[in-house]
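Enquirer: Let me begin by handing over the structure; questions about it come next.
The values are calculated or read from the model by the stated rules, or taken from the named source; none is laboratory data. Keep in mind that what you see is a predicted model, and the values were worked out from it rather than measured. In this analysis, Cβ positions are derived from the backbone assuming ideal geometry, glycine residues included, and neighbour counts consider all displayed protein chains. Each accessible area value is taken on the protein alone, full model and side chains, heavy atoms only, with ligands, DNA and RNA left out. Shrake-Rupley method; radii C 1.70, N 1.55, O 1.52, S 1.80 Å.
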Amino acid sequence: MKSVFKEKFRNEDFRSFFSPGRINLIGEHTDYNGGHVFPCAITLGTYGLARKRKDQMVQLYSMNFPSEGIVSFSLNDLDYKEEDGWGNYPKGMIRYLIEAGCPITTGMDVLVYGDLPNGAGLSSSASLEMLFGVMIEALYDFHIDRIELVKIGKRVENEFIHVNSGIMDQFAVGMGKERCAILLDCQTLTYHYAPIQLDNHQIIIMNTNKRRELADSKYNERRHECEQALAQLQRVVSITSLGELTEETFEKYQSAIENDILKKRAKHAVYENQRTLKAYQKLQDGDLAGFGALMNASHRSLRDDYEVTGIELDTLVEAAWQEEGVVGARMTGAGFGGCAIAIVENQALPRFIENVGAIYKEKIGYDASFYTANIGKGACELSEVGHSSI
Ligand code: GLA
């Protein structure tokens, strides 16, 4: 990356940063329903080399999108522009950080490279947002509370990019900790780190290689369906989110939801939230098998009640369930393509990849990809000025 920075920006005086992607162990489509999620940051992510400029220009180059060349804009015009492509994520961060009073008075040169499969549901966009968050905080030498930065990342996604996502991705990317998952209450933003000790097991990411575009997906439709179900429930019970219901209270009041589809959506949101709390407890108790069973139940609920899996994710997960040495498997992230995860015994891994890969290829017609997910830390500066080894 060093030589590319020099070539593109004719300078070697940069600082280096890293921002991870994330997987979610359990708690899917619960964040915008006031429930809990249980994600972790992974060691795949986005790297950035950056320096401040003396003028007002922001110049960005991504090694992942070389055909877009250098994306450049001025600090005096921070409006969303279609032609700025991926550069709109950094632009949104700069804009909202300035609005929050952060002293960004000059422009910057930034080189970006990501080893996260793009658009695969591992939060490449939140990774980019938080990369620029920590980078700008360090370059312009101010301090911003990390959770405020997470909220600014979410605001960029919601108000600048116009994707109506919840807080999970930016939180996992911004607050991640090595070897830990984060149990986050999305209503209050209280959180606990839970050490993940899998003994002789690993978390495997299975990529369907079917791109999922969040903005084009049925994501917003699901959000809307949950809002409608909540509104109907509120006629009979005093709640502000579906996350406030237990299985019992849901069963007691569910007849207030008039439409069967809406009922299924709400049921998923309520039961998934409760499953997430139970799964956290199982891990605390060292009950990996119990945790895996809840992962499987989560996938079935996302398949049958929330209907966000699709044939690609179902093929991977259902094939994984048949393999020896598999503790649990489920889709992760928004769904509609993207990735699934499985917890697999180390010695069973080669066969697992071979068998699941073959079933997928045979049924879907193209290959799935498999990666080991190592749980890493949140977005951070990598080294001091000029000492980058990347
Ligand atoms: C996407 C969104 C998150 C969350 C998940 C589903 O990743 O960005 O906010 O809603 O889908 O759990």
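Enquirer: Filter segment 313-362 down to residues that are among the charged types (D, E, K, R), more than 16 Å from the ligand (Cβ to nearest atom) and closer than 23 Å to Arg222 by Cβ, then give me how many there are.
Expert: Matching residues across segment 313-362 total 2.
Enquirer: Here's something else I'd like to know. Examine segment 208-228 for a residue that is within 16 Å of the ligand (Cβ to nearest atom), small (Gly, Ala, Ser), on the phi < 0 side of the Ramachandran plot and buried (at least 21 other Cβ atoms within 10 Å of the Cβ), and state whether such a residue exists. It would help to see each step written out before you state the result.
Expert: Going residue by residue through segment 208-228, those that are within 16 Å of the ligand (Cβ to nearest atom) are 208, 210-227.
Still in the list and also small (Gly, Ala, Ser): 215, 217.
Cutting the leftovers down to on the phi < 0 side of the Ramachandran plot gives us 215, 217.
With the extra rule that they be buried (at least 21 other Cβ atoms within 10 Å of the Cβ), the set shrinks to none.
No; the residues of segment 208-228 include none that is within 16 Å of the ligand (Cβ to nearest atom), small (Gly, Ala, Ser), on the phi < 0 side of the Ramachandran plot and buried (at least 21 other Cβ atoms within 10 Å of the Cβ).
Enquirer: Check segment 38-53 and report whether any residue there is of a type in the set (D, E, K, R), touching a Gly at 6+ places or on another chain (Cβ under 8 Å), in contact (Cβ under 8 Å) with a residue 40 or more places away in the chain and over 13 Å from Thr332 (Cβ atoms).
Expert: yes
Enquirer: Looking at (1) more than 15 Å from the ligand (Cβ to nearest atom); (2) open to solvent by less than 10 Å² (accessible area, probe 1.4 Å); (3) within 26 Å of Ile343 (Cβ to Cβ); (4) not polar (S, T, N, Q), find the lone condition where Ile136 falls short.
Expert: (3)
Enquirer: Next question. Taking Gly153 as the residue in question, decide whether it is within 14 Å of the ligand (Cβ to nearest atom), within 22 Å of Lys52 (Cα to Cα) and touching a residue at least 24 places away in the same chain (Cβ under 8 Å). Don't jump to the end; show me each part of the working.
Expert: Values: within 14 Å of the ligand (Cβ to nearest atom): yes; within 22 Å of Lys52 (Cα to Cα): yes; touching a residue at least 24 places away in the same chain (Cβ under 8 Å): yes.
So Gly153 fits the description; yes.
Enquirer: I would also like to ask the following. Go through segment 275-285 and report how many residues are in contact (Cβ under 8 Å) with a residue 24 or more places away in the chain and either buried (at least 21 other Cβ atoms within 10 Å of the Cβ) or not polar (S, T, N, Q) (or both).
Expert: The total comes to 6.
Enquirer: So, one more: In the set Val37, Val71, which member is closer than 30 Å to Leu242 by Cβ and among the β-branched types (Val, Ile, Thr)?
Expert: Answer to the check: Val37.
Enquirer: Tally up the residues in segment 183-200 that are closer than 16 Å to Lys282 by Cβ and in contact with a strand residue (DSSP E or B) (Cβ under 8 Å, 6 or more places away or on another chain), please.
Expert: 6
Enquirer: Being farther than 18 Å from Gly101 by Cβ and over 14 Å from the mean Cα position of the chain (by Cα) narrows it down to one residue among Ile161, Ile205, Ile167; which is it?
Expert: Within the list Ile161, Ile205, Ile167, the selection yields Ile161.
Enquirer: Working only within segment 70-86, note down all residues that are open to solvent by less than 50 Å² (accessible area, probe 1.4 Å) and touching a helix residue (DSSP H, G or I) at 6+ places or on another chain (Cβ under 8 Å).
Expert: Val71, Phe73, Leu75, Leu78, Asp84, Gly85, Trp86
Enquirer: Polar (S, T, N, Q) and open to solvent by 50 Å² or more (accessible area, probe 1.4 Å): does that describe Gln170?
Expert: no
Enquirer: In segment 19-47, what count of residues is obtained for those that are away from the ligand (no atom under 15 Å from the Cβ) and buried (at least 24 other Cβ atoms within 10 Å of the Cβ)? Walk me through it before giving the result.
Expert: Here is the first cut: in segment 19-47, the residues away from the ligand (no atom under 15 Å from the Cβ) are 19, 43-47.
Restricting the remaining residues to those that are buried (at least 24 other Cβ atoms within 10 Å of the Cβ) gives 19, 45-46.
Qualifying residue count, segment 19-47: 3.
Conditions tested, residue by residue: (1) free of Cβ contacts under 8 Å to residues at least 12 places away in the same chain; (2) farther than 20 Å from Ile196 by Cβ.
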| residue | (1), (2) |
| --- | --- |
| Ala297 | no, no |
| Glu318 | yes, yes |
| Trp321 | no, yes |
| Ala334 | no, yes |
